[in-house]
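Here's the structure, in structure tokens; my notes come after.
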Amino acid sequence: MPNTKVLAIREEREKRFTGAHALCAGCGTPIAVRAVLNAIEEPVVVVTATGCLEVATTRYPTTAWNVPWLHVAFENAAAVASGIESAYRVLRRRGVLSKEIRFVAFAGDGGTYDIGLQALSGALERGHRFLYVCCDNEAYMNTGNQRSGATPIAAQTTTAPVGEESFGKIQRRKDLTEIVVAHRIPYVAQASIGDWYDLASKVRKAISQDGPSFINVMTSCPRGWGHDSNQTVKITRLAIETCFWPLFEVEDGRWTLNYIPEEKLPVEMWLRPQKRFAHLFEPQEKTELLREIQKHVDRDWERLLQRCEVSAGASV
């Protein structure tokens, strides 16, 4: 006979975030949110920064959230999560609350890499116990696909256009995961909706920490990236297989690589299916720029292997 208590907990977790939202077909963010919330056994309080996730899941009078949930400004998700967690600890000390509760903040790359970085840094430095999840779709998609600190070099956005004198964004993306590692918090990870099992495993580790934890999750945007909605998971998987977006974790300063491709694919295979990179191949292939992008990926991958003390050609 199945354990009825376990089944009840599982059913409750599956209802935490429902399909009653207006996010675009193929959006990667709800995949990430569902995986995160389903992986947490304890009761959860969620804080969500302004963005696609907030706007499309709470159109009055409906909501997709079946957990205590707060919408906050674009830039202060981490600050608000800090305040809630602090109040919770006070109530626990006073004996008002006895239940174990976990706190999760969701924000996009614009609200994390850029205008929310100060609040995030402060919360991590103070040591508040919460999980911060960055749903990274590599641009400010909610307001029209403007470039962010997470936008890759050469990507076309509305504020980094392509023309006779421009090839899209001219800067490389920030390495936010490494910035967070520098705060010396208990747990930091990079994950993707292209491997939901890896993501769920990392959430369970992160939420068990006695302090702040952070997971940077690649979540494709079909409209901003320019691919069919049924290709979302495939595109994010290609980012893993080309080593553009490697899967790793840092626990108390120790780096661990979670996946090594059997055959490291050229980054071109990730770039080519996306219309935001179409100018790299049409009307003629921009060989030098593609070679430079591949060089960046290769260099970062070798650096990561060294940090994780993994030799080239090894498998995980």
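Each value in this text was obtained by applying a stated rule to the coordinates, not by laboratory testing. What you are looking at is a predicted structure, and each value in this text was computed from that prediction instead of being measured. Positions of Cβ are generated from backbone atoms using ideal geometry, with glycine treated the same way; all protein chains shown enter the neighbour counts.
List of remarks:
- Projected label points at R303 and E41, each 7 Å from Cα along the beta carbon direction, are separated by 3.8 nanometres.
- Counting only DSSP H runs of at least 4 residues, each contributing -39500 (n - 2.57), and dividing by the residue count of the chain, the helix-based mean residue ellipticity at 222 nm comes to -10500 deg cm²/dmol.
- The aspartates and glutamates whose alpha-carbon is closer than 18 Å to the alpha-carbon of K234, local same-chain residues fewer than 8 away aside, are D136, E138, D195, D198, E262, E263, E268.
- In terms of its Cα atoms, the chain spans 67, 48, 46 Å along the principal axes, sorted from long to short.
- Loop-located GluC sites (Glu not before Pro) in segment 35-131 (DSSP state not H, G, I, E or B) with no more than 12 neighbouring Cβ atoms inside 10 Å: E100.
- Within the same chain, aspartates and glutamates fewer than 8 places from K99 are excluded, and of the rest, those with a Cα less than 12 Å from its Cα are E42.
- Phi-based couplings in Hz for segment 25-38 (Karplus 6.51, -1.76, 1.60; Gly and Pro marked x): 4, x, 4, x, 4, x, 5, 5, 4, 5, 5, 5, 5, 5
- Taking every DSSP bridge with both residues inside segment 79-196, close to 45 percent are antiparallel.
- Taking the DSSP bridge list for the chain and keeping only pairs wholly inside it, about 35 percent are antiparallel.
- For segment 118-138 versus segment 155-175, the spacing of their alpha-carbon centroids is 27 Å.
- For GluC sites (Glu not before Pro), the sites in segment 135-169 that DSSP calls loop and that have at most 14 other Cβ atoms within 10 Å are E164, E165.
- Extension gain (nm, one decimal) between Q118 and A20, 0.36 nm per residue minus Cα-Cα: 32.0 nm
- Listed by chain and number, the lysines whose alpha-carbon sits under 22 Å from that of K169, ignoring those within fewer than 8 places in the same chain, are K275, K286, K295.
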